[in-house]
1. Quick check: anything in the range 19-30 hydrophobic (A, V, I, L, M, F, W, C), farther than 14 Å from residue 5 by Cα and modelled with pLDDT under 95?
2. Among the residues of the range 1-18, count how many are modelled with pLDDT under 95 and open to solvent by 60 Å² or more (accessible area, probe 1.4 Å).
3. Being open to solvent by less than 100 Å² (accessible area, probe 1.4 Å), farther than 15 Å from residue 5 by Cβ, part of a helix (DSSP H, G or I) and out of contact with any His (no Cβ under 8 Å at 6 or more places or on another chain) is the filter here; which residues of the range 39-65 pass it?
4. Residues to consider are 21, 36; find the one that is touching a His at 6+ places or on another chain (Cβ under 6 Å), open to solvent by 30 Å² or more (accessible area, probe 1.4 Å) and among the aliphatic types (A, V, I, L, M).
5. Looking only at the range 24-33, count how many residues are of a type in the set (Phe, Trp, Tyr) and open to solvent by less than 50 Å² (accessible area, probe 1.4 Å).
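The values are calculated or read from the model by the stated rules, or taken from the named source; none is laboratory data. Because the structure is a prediction, the values reported are computed rather than measured. Using ideal geometry, Cβ is built from the backbone for each residue, glycine included, and neighbour counts are taken over all protein chains shown. The protein model used for the area step is the full one, side chains on, heavy atoms only, and it has no ligands, DNA or RNA in it. Shrake-Rupley method; radii C 1.70, N 1.55, O 1.52, S 1.80 Å.
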Amino acid sequence: MIFISAGFDAHQDDPLGQMRLVEDDYSWATEALCALAARQSSGRVVSTLEGGYDLGALARSVKAHVQALMAA
């Protein structure tokens, strides 16, 4: 099983992370982890929300993450 610590404070709008990620980056990372899970753990994934401090960016990023999880 793959456990995802889904923190979104690396978003470009977040006041803490300063990593300048955007929603597409979170989708890409989620898709890559789901592909790994498909190969290594029969597709089993657990995702836990860890952080994100700009509410708008958090909402958009979580939406992108969950949509990628649902598409896997």
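1. Here is the first cut: in the range 19-30, the ones hydrophobic (A, V, I, L, M, F, W, C) are 19, 21-22, 28-29.
With the extra rule that they be farther than 14 Å from residue 5 by Cα, the set shrinks to 19, 21-22, 28.
Going one step further and asking which of them are modelled with pLDDT under 95, we end up with 19.
Yes; the residues of the range 19-30 include at least one that is hydrophobic (A, V, I, L, M, F, W, C), farther than 14 Å from residue 5 by Cα and modelled with pLDDT under 95.
2. Adding up the residues that qualify gives 3.
3. Those that are open to solvent by less than 100 Å² (accessible area, probe 1.4 Å), farther than 15 Å from residue 5 by Cβ, part of a helix (DSSP H, G or I) and out of contact with any His (no Cβ under 8 Å at 6 or more places or on another chain): 56, 59, 64.
4. Details: 36 fails: touching a His at 6+ places or on another chain (Cβ under 6 Å).
Checking each option against the conditions leaves just 21.
5. Filtering the range 24-33 down to residues of a type in the set (Phe, Trp, Tyr) leaves 26, 28.
Imposing the further condition that a residue be open to solvent by less than 50 Å² (accessible area, probe 1.4 Å) reduces the set to 26.
Qualifying residue count for the region: 1.
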